[in-house]
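What follows is one structure encoded as structure tokens, with my remarks underneath.
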Amino acid sequence: MQIIRNRQIVDDDFVHVPDGEELPAIGKPIITLARYIKERDQFAGSFGVRISSDKLPSDIPELERVVLIAIEFPRFSDGRGYSVARMLRQRHGFTGELRAVGWVLRDQLYYLERCGFDAFELQAGKPLDSALQAFVEFSVSYQAAADDRRPLYRRR
């Protein structure tokens, strides 16, 4: 599967693993938060945790062990994932990969990146090539965000 990571189309080296299934022999696992909480002593190395948009960063134990957090967007009108990403980057200092998964649309990519996301799983069948254009459609932003903490008047 291919994803967008750091504004480039790349092959995904992570594999989503549903609860109750064995970990893959090849690829790094992305497990649910519930599984991580229950079995976290069994995980070492590079792994990711998938959380729903109603969870807070404080719900993730031992955050420093996690290299990827995949935040679910259950529908395009659910904006809670934006807030979770911003809290992870600014309040909790998370430096690993933040990935938007689920109902992720091309029109949201620029704003998701501004909140701290650096990887995106678009819905199956959506063209990744044209989605990259979303990052260059706006040349100036007024507000401070995770990508630049200075508002426009401070950048002049």
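The values are calculated or read from the model by the stated rules, or taken from the named source; none is laboratory data. Quantities reported herein were computed from a predicted structural model and do not represent experimental measurements. Note: ideal-geometry Cβ built from the backbone for every residue, glycine included; neighbour counts use all protein chains shown. What goes into the accessible areas is simple: the full protein's heavy atoms, side chains included, and nothing from ligands, DNA or RNA. Shrake-Rupley method; radii C 1.70, N 1.55, O 1.52, S 1.80 Å.
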Exercise. Pick from segment 75-120 the residues that are surrounded by fewer than 21 Cβ atoms within 10 Å (Cβ to Cβ) and among the acidic types (Asp, Glu): which of them is farthest from residue 31 (Cα to Cα)?
Worked result: 107
For this session: Answer with yes or no whether residue 31 is part of a strand (DSSP E or B) and open to solvent by less than 40 Å² (accessible area, probe 1.4 Å).
Result: yes
Exercise. Inside segment 55-66, can you point out the residues that are among the basic types (Lys, Arg) and surrounded by fewer than 17 Cβ atoms within 10 Å (Cβ to Cβ)?
Worked result: 65
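Answer yes or no: is there a residue in segment 8-23 that is in contact with a Pro (Cβ under 9 Å, 6 or more places away or on another chain) and assigned to a helix (DSSP H, G or I).
As a first pass, look at segment 8-23 and keep what is in contact with a Pro (Cβ under 9 Å, 6 or more places away or on another chain): 14-17, 23.
From the residues that got through so far, the ones that are assigned to a helix (DSSP H, G or I) too are none.
The answer is no, given that none of the residues of segment 8-23 is in contact with a Pro (Cβ under 9 Å, 6 or more places away or on another chain) and assigned to a helix (DSSP H, G or I).
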For this session: Within segment 34-54, work out how many residues are under 13 Å from the mean Cα position of the chain (by Cα) and either assigned to a loop (DSSP other than H, G, I, E, B) or surrounded by fewer than 18 Cβ atoms within 10 Å (Cβ to Cβ) (or both).
Result: 2
For this session: Please give the helices (runs of 4 or more DSSP H) falling wholly within segment 55-151 in which 2 or more residues are touching a residue at least 24 places away in the same chain (Cβ under 8 Å) and among the small types (Gly, Ala, Ser).
Result: 80-90, 128-131
